[in-house]
1. Being of a type in the set (Phe, Trp, Tyr) and more than 17 Å from the chain's Cα centre (by Cα) is true for just one of Tyr90, Tyr144, Tyr114, Tyr129. Which residue is that?
2. Just to be sure before I move on: is Ile118 out of contact with any helix residue (DSSP H, G or I) (no Cβ under 6 Å at 6 or more places or on another chain) and surrounded by 17 or more Cβ atoms within 10 Å (Cβ to Cβ) in the structure I sent?
3. Given (1) within 21 Å of Asp179 (Cβ to Cβ); (2) surrounded by fewer than 19 Cβ atoms within 10 Å (Cβ to Cβ), identify the lone condition not met by Thr301.
4. Just one of the numbered conditions (1) touching a residue at least 40 places away in the same chain (Cβ under 8 Å); (2) not in a loop (DSSP other than H, G, I, E, B) is not true of Leu88; which one?
5. Quick one: count up the residues across the stretch 117-145 that are touching a Lys or Arg at 6+ places or on another chain (Cβ under 9 Å), more than 22 Å from Asp241 (Cβ to Cβ) and not in a loop (DSSP other than H, G, I, E, B).
6. So which residues in the stretch 50-69 are assigned to a loop (DSSP other than H, G, I, E, B) and crowded, with 19+ Cβ neighbours inside 10 Å?
7. Considering each of Gly227, Gly232 in turn, give the residue that is surrounded by fewer than 19 Cβ atoms within 10 Å (Cβ to Cβ), in contact with a helix residue (DSSP H, G or I) (Cβ under 8 Å, 6 or more places away or on another chain), of a type in the set (Gly, Ala, Ser) and under 30 Å from Lys110 (Cβ atoms).
8. Does Ile118 meet the test of being modelled with pLDDT of 95 or more and among the β-branched types (Val, Ile, Thr)?
Amino acid sequence: MTGNADNKQELYLVFGATGLLGHFIVEQLLERGKKVRVFVRKAIHDDRVEQVVGDITNWDDVRRAVEGVDVVFQAVSIIDWNPSKPDLLYDVNVKGNHNVVEACVAAGVKKLIYTSSIDVVFDGRDLHYADESLPYPTKHLDHYSISKTIAEKEVIAANGRGGLLTCALRAAGIYGPGDRVRLPTVIDALRKGKPPRLGSGTSIFSHVYVENVAHAHILAADKLEQGSPVAGQCYFITDHDATNFFDFVYDDICSALGYDVSHRGVPYRFAKLVATVAEWWVKLRKGDKAPLLTHYTVAATCRDFSFTHAKATRDFGYQPIVSREEAVRRTIDSLRECGLAKCDE
């Protein structure tokens, strides 16, 4: 009983609490009776949590947020594949993350769990159920991947500084209720036309449902102790078997929302050529919006891009808590509620 009481006294801080993943980390912590503080850019209406309003790029805001905290989840990230405007990515994903790391060390935080990405190891070549023995590539395909790699390396290097223990969870392509980036982008493209599938249709991609990723974060925090195998480590987080990107997004989700999806395929080499032209055009015009096709999006959907979470299972007992069928159903229901079904156009 004493151990449980001590756990309830610990204070958990979630950076990015209003984002897709951060929201579910908060909900799962509260379900477990934890005391939670959130770091948000705008005040929220939720009396279940403490909140600090601030900007992750502001040192004073971050330092104030971590004061008295035991465990930090760092889930703030800008996701953008625009090749012409890397500055915001680096300000938030690199400099903002640096503020979190340094503030945790200065404040005597015990644990820092960082939300990384499978993109940190991707250079466009096939990865078939890859594991953590894979090294960082010498060259990435976009600024986002570079920024996440820099941040992940800093988090892992901080393990042991001032008593801080760290680990990084490399999430696969996250989907689920609250997604404002991945599936809405595909649906927007479907509303404007009937974009084709890319590649031969044989490549596979690792998606992961958001509640499963959140569960992995909390399990990692539980096991992140002095001398545990989790300290200073990186982990791929997936859930169910990888499938072809378009089979999953088009057939399993968008078709269920009423969209007429294309079954026409565009060869990889042609798509890569189009991406080259599109990226060049955006860089020339310094556009605010990333092109639909980039070297990253083409490679990620035309090459095998799949991973295993066996290390996470071994070191902190991770197994998905939501089945693939239930995850897809909840995602479709959420997209309908957000007005993203075909009948809502």
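The values are calculated or read from the model by the stated rules, or taken from the named source; none is laboratory data. Nothing here was measured: the structure is a model prediction, and the numbers come from that model. Using ideal geometry, Cβ is built from the backbone for each residue, glycine included, and neighbour counts are taken over all protein chains shown.
1. Just one listed residue meets the conditions, Tyr129.
2. So Ile118 passes the test.
3. Failed condition: (2).
4. With (1) touching a residue at least 40 places away in the same chain (Cβ under 8 Å); (2) not in a loop (DSSP other than H, G, I, E, B) applied to Leu88, the lone miss is (1).
5. Qualifying residue count for the region: 2.
6. In the first step, residues of the stretch 50-69 are kept if they are assigned to a loop (DSSP other than H, G, I, E, B); the result is 54-58, 67-69.
Within the stretch 50-69, Ile56, Val69 qualify.
7. Numbers: Gly227 fails: in contact with a helix residue (DSSP H, G or I) (Cβ under 8 Å, 6 or more places away or on another chain).
Going through Gly227, Gly232 in turn, the sole match is Gly232.
8. yes
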